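Quick notes on the structure that follows.
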Amino acid sequence: MHLSRDTRLDAGTTRGNGSRLARAPASLLITLLMLSLLTPTNPLWVEAACADLPTLLSDHAHCELKAAQSALSLLARYAGEFPCLVAPLGALAKEETEHFTMVHAQLTARGLGMGLPASDGYVTRLAAAARADHHADRSPLMDKILVAALIEARSCERFQLLSEHLPDAELRKFYADLMTSEARHFTLFSSLSAECFGRAETRARLATLATREAEIVEHPPFGPQVHG
Ligand SMILES: [Fe+2]
Ligand SMILES: [Fe+2]
């Protein structure tokens, strides 16, 4: 996995939380550190996800759609004020839409269908945590970008777990490939925040939001959804 120099510096700010990270298997530790994540996913999630492929794939398909929609929503609200977002987020929306079609093909190949979209409690709680300590002198866009960065980061970690533990060899390869995309998207959002709001501000806020993210992700239940 390749991450930019900016992102490696960001990740370095979170290394003080050694006790949680010590629980991570060695293969996951580097991923967590590079992505600024402070705690590994509970192994109960891996069990739940591997045991319910229809729910996992259907939820994943919706996650890709939501990622594309979220990128477009950011453009709708902020493209005028921050034109530097247009090219990268336009390309991201296109890529996430392609991911949706790829996940949908995996469902179809297994004779599975897509369920209705469900609310994502993890994303809702993370966005609420960012709003809870929002300061008037900080642009709401910065928090939206960094929340998106952390969602990409956690998805990357979970796709690595799926690439290592799913019984289906084709899906293990599928998730290993998607994992690199999620890591790249984390880098994209982190870099956009640094470009728009400065590296020091980005580093500090990312560290705070990563602490909130760790508290949220450690909270059960651990269901088969991507962010379950
Ligand atoms: Fe994606
Ligand atoms: Fe993504």
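None of the figures in this text is laboratory data; all of them are computed from the coordinates on show. Keep in mind the model is a prediction, meaning the values are calculated, not measured. Please note: Cβ atoms are built from the backbone with ideal geometry, for glycine as well, and neighbour counts cover all protein chains shown.
Here are a few things to note about the model shown:
- The single condition from (1) buried (at least 18 other Cβ atoms within 10 Å of the Cβ); (2) more than 22 Å from residue 153 (Cβ to Cβ) that residue 62 fails is (2).
- Given (1) in contact with an Asp or Glu (Cβ under 6 Å, 6 or more places away or on another chain); (2) within 16 Å of ligand 1 (Cβ to nearest atom), index of the condition residue 151 fails: (1)
- For the range 67-87, the set of residues classified as touching a helix residue (DSSP H, G or I) at 6+ places or on another chain (Cβ under 6 Å), within 15 Å of ligand 1 (Cβ to nearest atom) and of a type outside the set (Gly, Ala, Ser) consists of 72 only.
- Of all residues in the range 157-211, exactly one satisfies the criterion of being assigned to a loop (DSSP other than H, G, I, E, B) and free of Cβ contacts under 8 Å to residues at least 12 places away in the same chain, namely 198.
- For the range 115-132, a residue qualifies if it is within 21 Å of the chain's Cα centre (by Cα) and either in contact (Cβ under 8 Å) with a residue 12 or more places away in the chain or at positive phi (or both), and the qualifying residues are 117, 118, 120, 121, 122, 123, 125, 126, 127, 129, 130, 131.
- Top-ranked residue in the range 141-155 [being in contact with a His (Cβ under 8 Å, 6 or more places away or on another chain) and closer than 19 Å to residue 27 by Cβ; ranked as farthest from ligand 2 (Cβ to nearest atom)]: 154
- Residues satisfying the stated conditions in the range 90-111, i.e. under 20 Å from residue 54 (Cα atoms), in contact (Cβ under 8 Å) with a residue 60 or more places away in the chain and within 11 Å of ligand 1 (Cβ to nearest atom): 99, 102
- Residue in the range 171-191 that is buried (at least 18 other Cβ atoms within 10 Å of the Cβ), more than 15 Å from ligand 2 (Cβ to nearest atom) and within 23 Å of residue 57 (Cα to Cα) present: yes
- Candidates 93, 105, 49, filtered to the one that is hydrophobic (A, V, I, L, M, F, W, C), over 30 Å from residue 29 (Cα atoms) and either away from ligand 2 (no atom under 14 Å from the Cβ) or part of a helix (DSSP H, G or I) (or both): 105
- Counting the residues of the range 108-126 that are part of a helix (DSSP H, G or I), more than 16 Å from ligand 2 (Cβ to nearest atom) and surrounded by 15 or more Cβ atoms within 10 Å (Cβ to Cβ) gives 2.
- All positions within the range 52-90 that are in contact with a Cys (Cβ under 9 Å, 6 or more places away or on another chain) and within 16 Å of ligand 2 (Cβ to nearest atom): 85
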